[in-house]
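The values are calculated or read from the model by the stated rules, or taken from the named source; none is laboratory data. None of these values were measured; they are calculated from a predicted model. Cβ sites come from the backbone with ideal geometry, for glycine too, and all protein chains shown count toward neighbours.
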Amino acid sequence: MNPIPSLRLAALALLLGLAIPAPAQRLTVTTQPQTPEQAVRELYDLVTFPAGTTPDWDKVRSLFIPEAVIVLRTSREATTVFSVDGFVADFVRFIEQAKVEQTGFAEKIIRMKPMVFGDMAQFLVLYEVSIPGTDFPPQQGVDNFSLIRKDGQWKIAAITNEVPAEGRPLPEVLRE
């Protein structure tokens, strides 16, 4: 009997076994986004997760330049400035405190308005966040992304965030 076909079958079985995720794991993309829109969409995809899982934080970090700044609305009156690691740490605290690992978390893009010029891009994103299976009603927010193409890859340089409220309606450009 020729061992080559058996080895090939064993190798194929191993590769297929590695490609099929075990329950409660998250698949992640291993290549960098080729367009700024892909980078923005991938961030939302990565921070959205089903019950029993959590985001791939290394992949989240890989979407940003090391010096990136994230400014989030943290209350009606306050914003907080984060580094990428600070953003990840704050999100991990939220997951633990709100126990969303048990419920999952969803943040989806409703609308995007892009502007790309050379090696820079700006995306205004209307998103909706929800915690499945809870009484927490879906909430909308607006993220403003600044991206750069660095070494041939699109990376997030900054995100600023605002939440619509009375006296602070959605910007006209993001309305239907």
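Evaluating Ala106 against the criteria (1) under 23 Å from Val173 (Cα atoms); (2) modelled with pLDDT of 95 or more; (3) in contact with a Ser or Thr (Cβ under 6 Å, 6 or more places away or on another chain) leaves one unmet condition, (1). For the range 36-59, residues that are closer than 21 Å to Asp119 by Cα, surrounded by fewer than 19 Cβ atoms within 10 Å (Cβ to Cβ) and not polar (S, T, N, Q) total 2. The residues on offer are Gln140, Gln153, and the sole one that is of a type in the set (S, T, N, Q) and in contact with an Asp or Glu (Cβ under 7 Å, 6 or more places away or on another chain) is Gln140.
Could you please find all residues in the range 17-42 being modelled with pLDDT of 95 or more and part of a helix (DSSP H, G or I)? Pro36, Glu37, Gln38, Ala39, Val40, Arg41, Glu42 - these are the residues of the range 17-42 that are modelled with pLDDT of 95 or more and part of a helix (DSSP H, G or I). When the test is whether a residue is among the charged types (D, E, K, R) and either surrounded by 17 or more Cβ atoms within 10 Å (Cβ to Cβ) or farther than 21 Å from Ala157 by Cβ (or both), Glu67 does not pass it. Taken together, Glu128, Glu107, Glu101, Glu96 contain a single residue that is among the acidic types (Asp, Glu), within 23 Å of Asp56 (Cα to Cα) and touching a Pro at 6+ places or on another chain (Cβ under 6 Å), which is Glu128.
Checking the stated criteria, Ser62 turns out not to satisfy the condition of being farther than 22 Å from Ala39 by Cβ and crowded, with 17+ Cβ neighbours inside 10 Å. Take the conditions modelled with pLDDT of 95 or more, of a type in the set (Val, Ile, Thr) and either within 17 Å of Arg41 (Cβ to Cβ) or touching a helix residue (DSSP H, G or I) at 6+ places or on another chain (Cβ under 7 Å) (or both) and apply them to Val125. Does it pass? Yes. Residues in the range 131-138: is at least one surrounded by fewer than 16 Cβ atoms within 10 Å (Cβ to Cβ), out of contact with any His (no Cβ under 9 Å at 6 or more places or on another chain) and polar (S, T, N, Q)? Yes, that holds for at least one residue.
Within the range 45-71, the set of residues being touching a residue at least 24 places away in the same chain (Cβ under 8 Å), under 22 Å from Arg149 (Cα atoms) and not hydrophobic (A, V, I, L, M, F, W, C) comprises Lys59, Arg61, Ser62, Glu67.
Only one entry of Gln153, Gln102 meets the criterion of being over 18 Å from the mean Cα position of the chain (by Cα), surrounded by fewer than 17 Cβ atoms within 10 Å (Cβ to Cβ) and within 21 Å of Leu46 (Cα to Cα), and that entry is Gln102. Contact map, the range 151-176: residues that are closer than 21 Å to Phe82 by Cβ paired with residues that are in a helix (DSSP H, G or I) and among the small types (Gly, Ala, Ser), Cβ distance under 9 Å, separation 6+ or inter-chain. Pairs shown: Trp154/Ala39; Lys155/Ala39; Lys155/Ser62; Ile156/Ala39. Out of curiosity, is Lys113 touching a strand residue (DSSP E or B) at 6+ places or on another chain (Cβ under 6 Å), farther than 28 Å from Thr53 by Cα and at pLDDT 95 or above? Yes, satisfied.
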